[in-house]
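Worksheet: one structure, shown below.
The numbers here are math on the coordinates, done by the rules we state, and not lab data. Source: prediction; values computed, not measured. Positions of Cβ are backbone-derived with ideal geometry, glycine not excepted, and every protein chain shown enters the neighbour counts.
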Amino acid sequence: MKFTVAIDGPAAAGKGTISKAVAAHFGFAHLDTGLLYRAVGRKVIDTGAAPETVAKSLTIADLAADNLRTAEAAQAASKVAIIPEVRAALLTFQHDFAARLGGAILDGRDIGTVICPDADVKLYVTANAKTRAERRFQELRGKGSDTTFETVLADVTARDALDAGRDTAPMVAADDAVLIDTTELSIEAAIARAVQVVAQRLNG
């Protein structure tokens with residue numbers, strides 16, 4: 001069975017947590033497509049190679065690097081993500097993953113609009129900027145970072161502007177996506193809502 005779920009939304013809205021939980025619930029494979037761009041951005045920083053060259057040679061192993069969740073990697077991801085050649089190089093990787101048997105969930109910023117416009121289910125997970133910044137701030141503090149909330153909020157706001165304003169595949173909800181706003185929603189409730197939407201489609 002081929003069944004594709006596209007989950008989009010801005011940073012720290014909860015889409016990664018929701019995607020993993022839904023994948024586990026239904027036994028689907030899960031791909032955090034943001035890691036593709038973080039991995040490219042990280043390798044560009046580390047090696048100085050051209051983003052297009054790095055994207056063409058990216059492997060699954062590159063997605064397991066332990067330094068992809070940093071603020072530096074996030075900023076680098078947004079910068080390389082606006083390069084059409086980088087996006088084209090990573091497109092086949094994502095298409096192949098989405099077409100695998102047994103079901104697949106891809107989360108990112110343009111899955112339902114560009115990567116998998118024919119996905120069986122499309123979700124758009126969002127929350128207001130202050131709520132997302134607070135979540136990311138607590139996450140970074142928990143990892144020992146000495147950053148400030150103001151810095152994290154500025155980073156979140158800047159990344160939103162980059163992702164939504166780029167000419168190629170801007171971050172936007174697909175017309176047929178189900179909106180899940182997690183600003184006032186617990187993660188358990190958000191997961192339950194996502195599971196409900198997917199189950200309804202699976203059951204016809």
**OP:** Arrange the following residues from fewest to most other Cβ atoms within 10 Å of their Cβ: 191, 82, 7.
**Re:** 82, 191, 7
Subject >> Extension reserve of the residue 188-residue 157 stretch, reckoned as 0.36 nm per residue once the Cα distance is removed >> reply: 8.6 nm
**OP:** Sort out for me the Cα centre separation of segment 172-197 from segment 54-99, rounded to whole Å.
**Re:** 25
**OP:** Given the options 48, 103, 14, state which has the largest fluctuation in a GNM of the chain using a 10 Å cut-off (strictly under) for Cα springs.
**Re:** 48
Original post:
Between residue 71 and residue 92, what is the spin-label point distance in nm, taking each point 7 Å from the Cα along the Cα→C-beta axis?
Top reply: 3.8
Subject >> Label-point separation in nm, residue 196 to residue 139, each point 7 Å along Cα→Cβ >> reply: 2.5
Original post:
Can you pull the Kirkwood radius for the chain, inverse mean 1/r over Cα pairs, to one decimal in Å?
Top reply: 17.2
Original post:
So what is the calculated 222 nm ellipticity per residue for the chain, using -39500 (n - 2.57) for each DSSP H run with n of 4 or more, over all residues, to the nearest 500 deg cm²/dmol?
Top reply: -16500 deg cm²/dmol
Original post:
With each label point set 7 Å from Cα along the Cα-Cβ vector, what nm distance links residue 147 and residue 85?
Top reply: 3.0
Subject >> lysines with Cα under 28 Å of residue 122, excluding same-chain neighbours fewer than 8 positions away >> reply: 2, 15, 20, 56, 79, 130
